[in-house]
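The values are calculated or read from the model by the stated rules, or taken from the named source; none is laboratory data. Small disclaimer: the values here were computed from a predicted structure and weren't measured. Heads up, the Cβs are rebuilt from the backbone with ideal geometry, glycines too, and the neighbour counts pull from every protein chain shown.
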Amino acid sequence: MTNIIFVEKLKKSYKSKVVVDDLCFSVKKGECFGLLGHNGAGKSTTIDCILGLKNFESGTVRILDMNPKKSRKELFERVGVQLQSSSYQGKIKVYELCEEISVLYNEADDYKRLLKEFSLEKMKNNYVETLSGGEKQKLAILLALIPKPEVVFLDELTTGLDTEARREVWKQLKKLKKEGVTILLTSHYMDEVEELCDKICIINNGKEVISGTVEEVISSSPYTKLEDAYLWYMEKEEV
């Protein structure tokens, strides 16, 4: 399979603090890859560097075999992004925001269908500022899917969602995987990671701790559950 996302020896610093330290990984077509770590571990900065939103000191990054800095316009049509810091104007209705995003792309998906699939259809005439935190989160994910992306970046995708809403999102992502869409996500929910991810990479202070399939990561620890293994790798728990 082709590497859709390729990261090699990525290094990013803020002044004297190294926040991404020689990070290497690749994601193949149709895979869901989980980038895991505590708050401040460097996950969001890594995504920003991969997307070309932040400069980095050294390393190589490619999406769909393109340099995200040099091929920004072409990648814009083929990549969906939901960032942890995503925010939208409050005095706009949900359907208006969907239409605004849709016209940016040559071949946009049907946002009305997406609203229905994400259980947001009844909110289409509501102002964005009136939505709950969970509804805003679902809307952000929905907007990332409007360009019919070949690869999707989702940063803390289900933070603030209740159990039912999380499972709705999982269902949509599994559907995307079956269609061959490549997904890179970050999450603090280990059940979510086990449910969705083919491979994961745990980072601490911007440096890889371990990577592999969920089963490989668990089997390399003294534990049988991913959450316990994760805490052990992050040195939060002793054997």
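Structure values in brief
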read-out	value
Residue within segment 79-101 that is hydroxyl-bearing (S, T, Y), modelled with pLDDT of 95 or more and within 28 Å of G133 (Cβ to Cβ) present	yes
Scan of segment 100-138 for residues that are under 20 Å from K174 (Cβ atoms), in contact with a helix residue (DSSP H, G or I) (Cβ under 7 Å, 6 or more places away or on another chain) and in a helix (DSSP H, G or I), ordered by number	L114, L115, E117, G134, K138
Breaking point among (1) in a loop (DSSP other than H, G, I, E, B); (2) over 12 Å from the mean Cα position of the chain (by Cα); (3) aliphatic (A, V, I, L, M), for V169	(1)
Listing of strands (runs of 3 or more DSSP E) fully contained in segment 4-90 that carry 1 or more residues being surrounded by fewer than 16 Cβ atoms within 10 Å (Cβ to Cβ)	17-28, 58-63
Residue match in segment 163-170 (condition: surrounded by fewer than 20 Cβ atoms within 10 Å (Cβ to Cβ), touching a Gly at 6+ places or on another chain (Cβ under 8 Å) and without any contact (Cβ under 8 Å) to a residue 60 or more places away in the chain)	yes
Residue tally, condition touching a residue at least 40 places away in the same chain (Cβ under 8 Å) and either surrounded by 17 or more Cβ atoms within 10 Å (Cβ to Cβ) or among the charged types (D, E, K, R) (or both), over segment 215-235	1
Selection within segment 20-77 - of a type in the set (A, V, I, L, M) and closer than 22 Å to A229 by Cα	L23, L35, L36, A41
